[in-house]
Amino acid sequence: MDDNSTIGEATDNSLTLLCDPNADDGANATFVRVIQCMDTAKKSIEIHMFVWRNDAIGNEIGKAVLRAAKRGVRIKIKKDRGAIMYERIEMNRKSFFHTRLPLATRLKYAVFRPTFPNTFVRDDFQNDLGAEVCGHPNVNLEWVELTHTKYYLFDEKILIAGSINIEDRHRKYHDYMVEITGADLMGRFRRRQTCEASYRPERPIDYLVNCRSATPPAFEIKNQLMRFIAEAKHAIYVEMAYIGDPDISQRLIAATRHGVSVTVLFSRKANIGNDINYRALRALYERAEIRVHLSDKMLHSKLMLFDWKIAFLGSANISVFSMQKADELNISVHSQPIFLKALNAEVKRRLAASERIESVKPLKKYSRIFAALQQFHQKLT
């Protein structure tokens with residue numbers, strides 16, 4: 001079914017970039033706004049989350065959820081089960097919603113733990129708050145599989161979406177979340193979320209989804225991304241945590257051969273998958289004339305800009321997992337000059353703080369053994 005709602009209702013007041021260019025804390029603006037919205041919600045809160053770690057911010061948001069539940073707000077939480085691997089292997093190794101995993105899953109984690117950097121931090125957080133939250137009668141916790149989506153929806157009036165998980169380490173990352181408001185855009189989100197309505201690129205703000213539960217399953221983000229790349233006239237900017245989808249790499253190579261300038265901002269060292277990332281980026285660098293900048297700060301972003309006029313951002317990496325296997329939510333934006341000006345300014349700030357590489361040598365640092373293990377894990381995920 002297509003959507004006959006009007007296109008012109010979105011304004012620059014409908015969309016806000018939750019990013020403070022003067023702060024080193026890359027997630028504070030998002031976390032502060034999320035807690036504000038939780039404390040003022042009147043009827044409903046919906047949270048769809050990949051990682052929810054049992055750390056300081058995980059508990060702050062958990063307390064805000066509990067406060068809302070005690071006020072009578074109905075809360076629906078969709079939590080990815082597979083992300084427990086990252087919660088249990090990295091940082092404090094604690095999940096906010098504690099659940100016992102099957103033996104086969106625990107064995108798989110044991111096999112892949114050596115491919116993760118040792119980031120262990122010790123703390124005293126317990127499971128009590130998570131148990132209290134999911135045990136409250138106004139809270140419905142649903143465990144879901146293969147969903148990488150990250151959003152909060154308050155009273156069907158405010159949507160906060162992007163790529164920030166609930167965990168302290170995101171404070172040290174480069175990342176993006178956006179706030180969207182307006183009845184038209186909330187209704188549109190619901191229709192797009194279920195694929196009841198078709199994506200309309202002419203809309204200044206619209207949503208693209210990977211939805212495995214749709215009939216038939218919808219994996220539309222990759223197809224639209226390929227179109228955006230093919231239609232770019234002058235420039236493409238890629239700021240991405242994890243890459244590797246071969247079709248997208250090939251389309252980027254083709255774009256450079258048609259005179260499009262491609263700039264990639266990449267982590268010097270990603271938190272995971274660094275070997276796969278470097279191998280994919282090296283292959284791209286060797287086959288196309290692209291500008292590569294390396295950031296000392298971890299990039300968890302999932303952003304692409306086309307001719308500096310169209311933004312495409314959300315939860316989806318340009319990896320095989322995001323493009324072909326997982327539920328995801330992305331947002332396309334154009335004709336929103338205030339938002340795009342703020343976003344482009346942040347991009348320029350990040351590029352200025354990075355190092356542009358002049359040869360392929362910095363991209364040769366990867367382990368073939370770890371890369372093979374990580375690729376095998378992606379196939380199992």
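Quick notes on this structure:
- When V51, V34 are screened for being within 20 Å of the chain's Cα centre (by Cα), of a type in the set (V, I, T) and within 15 Å of D175 (Cα to Cα), only V51 passes.
- Of the listed requirements (1) touching a Leu at 6+ places or on another chain (Cβ under 9 Å); (2) modelled with pLDDT of 95 or more; (3) part of a loop (DSSP other than H, G, I, E, B), C19 misses just one: (2).
- Subset of region 56-82 that is farther than 26 Å from E156 by Cβ and in contact with a strand residue (DSSP E or B) (Cβ under 9 Å, 6 or more places away or on another chain) - its residue that is surrounded by the most Cβ atoms within 10 Å (Cβ to Cβ): G82
- In region 185-222, residue farthest from I248 (Cα to Cα) [restricted to those that are aliphatic (A, V, I, L, M) and part of a strand (DSSP E or B)]: I205
- Qualifying residue in region 27-40 (condition: of a type in the set (S, T, Y), at pLDDT 95 or above and touching a Gly at 6+ places or on another chain (Cβ under 8 Å)): yes
- Selection within region 296-333 - surrounded by fewer than 20 Cβ atoms within 10 Å (Cβ to Cβ) and under 19 Å from the mean Cα position of the chain (by Cα): K297, M298, I310, Q324, K325
- Considered as a group, the residues in region 217-233 that are among the aliphatic types (A, V, I, L, M) and over 12 Å from F306 (Cα atoms) include one that is nearest to the chain's Cα centre (by Cα), and that residue is I221.
The rows are residues; the columns are (1) farther than 30 Å from A353 by Cα; (2) under 14 Å from the mean Cα position of the chain (by Cα); (3) of a type in the set (D, E, K, R).
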{"site": "H148", "(1), (2), (3)": "no, yes, no"}
{"site": "Y151", "(1), (2), (3)": "no, yes, no"}
{"site": "D155", "(1), (2), (3)": "yes, no, yes"}
{"site": "L159", "(1), (2), (3)": "yes, no, no"}
{"site": "V178", "(1), (2), (3)": "no, yes, no"}
{"site": "D184", "(1), (2), (3)": "yes, no, yes"}
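- Matching residues in region 145-168 - criterion: being surrounded by fewer than 17 Cβ atoms within 10 Å (Cβ to Cβ) and in contact with an Asp or Glu (Cβ under 9 Å, 6 or more places away or on another chain): E145, L146, E156
- Total residues in region 343-360 satisfying the condition of being without any contact (Cβ under 8 Å) to a residue 24 or more places away in the chain and not in a helix (DSSP H, G or I): the figure is 2.
- Going through (1) in contact (Cβ under 8 Å) with a residue 40 or more places away in the chain; (2) over 22 Å from L329 (Cβ atoms); (3) touching a Lys or Arg at 6+ places or on another chain (Cβ under 9 Å) one by one, I89 falls short only on (1).
- With respect to the stated conditions, L129 fails to be touching a Cys at 6+ places or on another chain (Cβ under 6 Å) and surrounded by 15 or more Cβ atoms within 10 Å (Cβ to Cβ).
- Taken together, Y237, Y199 contain a single residue that is in the same structural domain as S319 (by TED's automatic domain parsing), more than 22 Å from F50 (Cβ to Cβ), touching a strand residue (DSSP E or B) at 6+ places or on another chain (Cβ under 7 Å) and surrounded by 16 or more Cβ atoms within 10 Å (Cβ to Cβ), which is Y237.
- Look at region 215-241: where a residue is in contact (Cβ under 8 Å) with a residue 40 or more places away in the chain and a partner is in a helix (DSSP H, G or I) and among the hydroxyl-bearing types (S, T, Y), sitting 6+ places away or on another chain with Cβ atoms under 8 Å, you get I221/S322.
The values are calculated or read from the model by the stated rules, or taken from the named source; none is laboratory data. Please read these numbers as outputs of a predicted model, since none were measured by experiment. All Cβ positions, glycine included, derive from the backbone under ideal geometry; neighbour counts span all protein chains shown.
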